[in-house]
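**Q** Right, I'll just put the structure down here and ask away after.
The values are calculated or read from the model by the stated rules, or taken from the named source; none is laboratory data. These numbers were taken from a predicted model, which means no experiment stands behind them. Cβ sites come from the backbone with ideal geometry, for glycine too, and all protein chains shown count toward neighbours.
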């Protein structure tokens, strides 16, 4: 520490001793004036004495309980311990990241900036500043006690070293004042300034301004320019808010305020102030990849713990015991999955991912994967956390949130609600397309969701109303100011931890819990506990959550997420990929099937897992169709690890939700006949009061047949007995024979018809439309009641029509189309044909959209290229 022996009292006494004696005034008028002043003064003093005496007594009572000043505590902040869910310590923070600087080496420019900002009368008070106190007191009259600070720099040292600065009670203020006065008696002004500059916290785990200069600018304090010095001096007021890496706008505003205060205190000229304020906040900042950071165990998780504590406490100095939800096993597996090839084979070293593992029922985050570490990407703490910090387009993972869940919540839709996947336009007139550029016609909401069709999702959200859809999403932890058609299919922004929170609410019966790592904090006294668990919020009806979960199960069994299916387990999930703006894609030489982002978000009743994959610089690196599948493989590996050896609970169905068998494709929705089964039956969910009453035609025909039989058996026995008694037996025999002949003929006709209906469809032909990039096929009808399984390059779908139009295939490839008739569950003979797609032209077509294999990719929409994948 600098060798500055003078305390404030010694400095004042030396000044008094060196003052020249002045000639004493002996005038009578001056004596009278002085006597009058004394009378007034002592009279006022006497009147106030009773109140002062009472205040002094209270002050003494509080002050005597103040901690004793110790040099060690002034210089060595208390570290904080972080515990996992089992109560074991896995990190201790606060002991490092400090480069000490003595007063003699502190630049005058920094001293001027600090004192102009924090305590402009530092060299004129004894620890308490009456002028500053009066100014703050005036504000406290209107704002309440403690609403405005009157703390000197000396008092700030006391607060940082000894007292709970979140406690604004009178007792703490009294102790602070008493200890500040004592501190001024024990240490010189220069020593106090030295302590302050080395003690303050400046975000990112950095303590002390010399350390901050190195961290933010890669320089010593003496080498900083005026603007950089002003930023460092202004950060202690709210370090995380004024961090230039994470909040550049707030940081610049704070820096400019410091420069203004320096000018107001005549420490810099107006031209110097204006020149410094004109510099961008990024001037001189080191690149993120080169920041020198302390490495913790589970550093990504520790980063989030620090962020959640925020400005409430300082984990680097307050000696906290921090209890978290970290599951060491899940965290270790997450890091193994990200940073080795033991679980996933990654395409290259630049490929990145963000992973969140959360307790579905509580929102407690059990593991975080902030990114992949490689030899080219040195591990850093407090760097970019891709699990929590990134904001990327979420793709089709947004469809349940902005489309189908609000429709169930507000419109009482069933999972069988019919939506038409047909040509559709944005409100701007621009065409909205599905990922395959084709249309599948009328389908249930369930099928539209698990096949991730774009147009039905937008229609659902529009019917709800985009404002209501926005409010629904924001109740799930998202933050949308406006929702448009493109937002419904994923053109907005979200982080993996936000998506985990939103999907977790579906698995938790509609109750949203903000994802969090910290459960409670115990202060340094070892007694005071602070509950850090966010309050639960009912974000939707339990029925809505259950119906969405039931549909999302099908994504894994028959939809776009089959690669992540864990057979037998009750898991619901959704895929999502995004696409490039066409101009950006062409400019950067990205192929038409390149993808910026791929997501997989899903949950069981116990665990929620959110996975994002992509590149930090998507305009330089892109995901190929096969690489978009990695998110699904990561989800499956993580979920399999989590559920291994555990029970397999299912989502609880509310009592007002009814499961009803319906005829697939029926419109209006028609209940299946009692005991009916087969491929044309689907079990759908209906709320009370919305169960369909219309029964199947099969049930109706059976009833009509019974009536006809009764009518045929009626005879006019009395009439025949009187007139043709003799001929009765003969006529009965003739009638029986005729009946038998008719039955035999009808049976043969039915057999012939059935045989014809299952023959290979005739007239099958197919063609390719280069303008629309679609394949059309048609064939002759095999008769009433016949449907057709149509396979395009091995991907099969059933149609009730005799023609299809689909997108698909690659330029230069040959597409095989096979049509098989189906009737009453029986499959007939196939008919096949092929279509050769012309080779791709050298001039790119702005409407080109590559079709990924069914069940492969999923996607989203950006505002300038409105086509998304599943």
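**Q** Please name all residue pairs, on different chains or six or more residues apart, with Cβ atoms under 7 Å, provided the first residue is in segment 562-580 and is closer than 13 Å to residue 397 by Cβ and the second residue is outside any loop (DSSP other than H, G, I, E, B) and at pLDDT below 95.
**A** The qualifying pairs are 578/862.
**Q** Sticking with this one: Name the residue that is surrounded by the most Cβ atoms within 10 Å (Cβ to Cβ), counting only residues in segment 452-466 that are under 14 Å from residue 410 (Cα atoms) and within 22 Å of the chain's Cα centre (by Cα). Break it down into steps so the answer makes sense when it comes.
**A** Let us first name the residues in segment 452-466 that are under 14 Å from residue 410 (Cα atoms), namely 460-466.
Within this subset, residues satisfying the condition of being within 22 Å of the chain's Cα centre (by Cα) are 461, 466.
Numbers: 461: 29, 466: 19.
Looking at residues that are under 14 Å from residue 410 (Cα atoms) and within 22 Å of the chain's Cα centre (by Cα), I get 461.
**Q** Find the residue count for segment 641-665, including only residues that are touching a residue at least 24 places away in the same chain (Cβ under 8 Å) and part of a loop (DSSP other than H, G, I, E, B). Give the steps one after another, and end with the answer.
**A** Of the residues in segment 641-665, the ones touching a residue at least 24 places away in the same chain (Cβ under 8 Å) are 641-643, 646, 648-654, 656-660, 662-665.
From the residues that got through so far, the ones that are part of a loop (DSSP other than H, G, I, E, B) too are 646, 648-654, 656, 664-665.
Of the residues in segment 641-665, 11 are touching a residue at least 24 places away in the same chain (Cβ under 8 Å) and part of a loop (DSSP other than H, G, I, E, B).
So that you can scan it fast, the table gives a plain yes or no per residue for (1) at pLDDT 65 or above; (2) in the same structural domain as residue 822 (by TED's automatic domain parsing); (3) exposed (fewer than 10 other Cβ atoms within 10 Å of the Cβ):
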| site | (1), (2), (3) |
| --- | --- |
| 707 | no, no, yes |
| 721 | no, no, no |
| 724 | no, no, no |
| 745 | yes, no, no |
| 749 | yes, no, no |
| 768 | yes, yes, no |
| 771 | yes, yes, yes |
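**Q** I'd like to know if segment 464-472 contains one or more residues that are assigned by TED's automatic domain parsing to the domain that holds residue 577 and within 29 Å of residue 789 (Cβ to Cβ).
**A** Residues of segment 464-472 that are assigned by TED's automatic domain parsing to the domain that holds residue 577, as a first pass: 464-472.
Okay, now just the ones that are also within 29 Å of residue 789 (Cβ to Cβ), so none.
No: zero hits.
**Q** Can you tell me which of (1) in contact with a strand residue (DSSP E or B) (Cβ under 8 Å, 6 or more places away or on another chain); (2) assigned to a loop (DSSP other than H, G, I, E, B) is the one residue 384 doesn't meet?
**A** (1)
**Q** Give the number of residues within segment 485-511 that are surrounded by fewer than 24 Cβ atoms within 10 Å (Cβ to Cβ) and free of Cβ contacts under 8 Å to residues at least 60 places away in the same chain.
**A** Number of matching residues: 3.
**Q** Condition check: on the phi < 0 side of the Ramachandran plot, at pLDDT 95 or above and in a loop (DSSP other than H, G, I, E, B). Does residue 605 satisfy that? It would help to see each step written out before you state the result.
**A** Values: on the phi < 0 side of the Ramachandran plot: yes; at pLDDT 95 or above: yes; in a loop (DSSP other than H, G, I, E, B): yes.
So residue 605 passes the test.
**Q** Collect the residues in segment 492-501 that are in contact with a helix residue (DSSP H, G or I) (Cβ under 9 Å, 6 or more places away or on another chain) and assigned to a loop (DSSP other than H, G, I, E, B), keeping them in residue-number order. Break it down stepwise before answering.
**A** Start the filter on segment 492-501 by keeping residues that are in contact with a helix residue (DSSP H, G or I) (Cβ under 9 Å, 6 or more places away or on another chain), which leaves 492, 494, 497, 499.
Passing the criteria: only 492.
**Q** Then there is this: Taking the conditions exactly as written (assigned to a helix (DSSP H, G or I) and under 17 Å from residue 639 (Cβ atoms)), does residue 504 satisfy them or not?
**A** yes
**Q** Show the residue pairs that are 6+ apart or on different chains and have beta-carbon atoms under 6 Å apart, the first residue being within segment 811-828 and farther than 19 Å from residue 765 by Cα, the second being at pLDDT below 85 and not in a loop (DSSP other than H, G, I, E, B).
**A** That search, which allows pairs on different chains as well, returns 823/757.
**Q** Restricting to segment 641-667, name every residue that is closer than 30 Å to residue 797 by Cα, out of contact with any strand residue (DSSP E or B) (no Cβ under 8 Å at 6 or more places or on another chain) and surrounded by fewer than 16 Cβ atoms within 10 Å (Cβ to Cβ).
**A** Answer for segment 641-667, where residues must be closer than 30 Å to residue 797 by Cα, out of contact with any strand residue (DSSP E or B) (no Cβ under 8 Å at 6 or more places or on another chain) and surrounded by fewer than 16 Cβ atoms within 10 Å (Cβ to Cβ): just 650.
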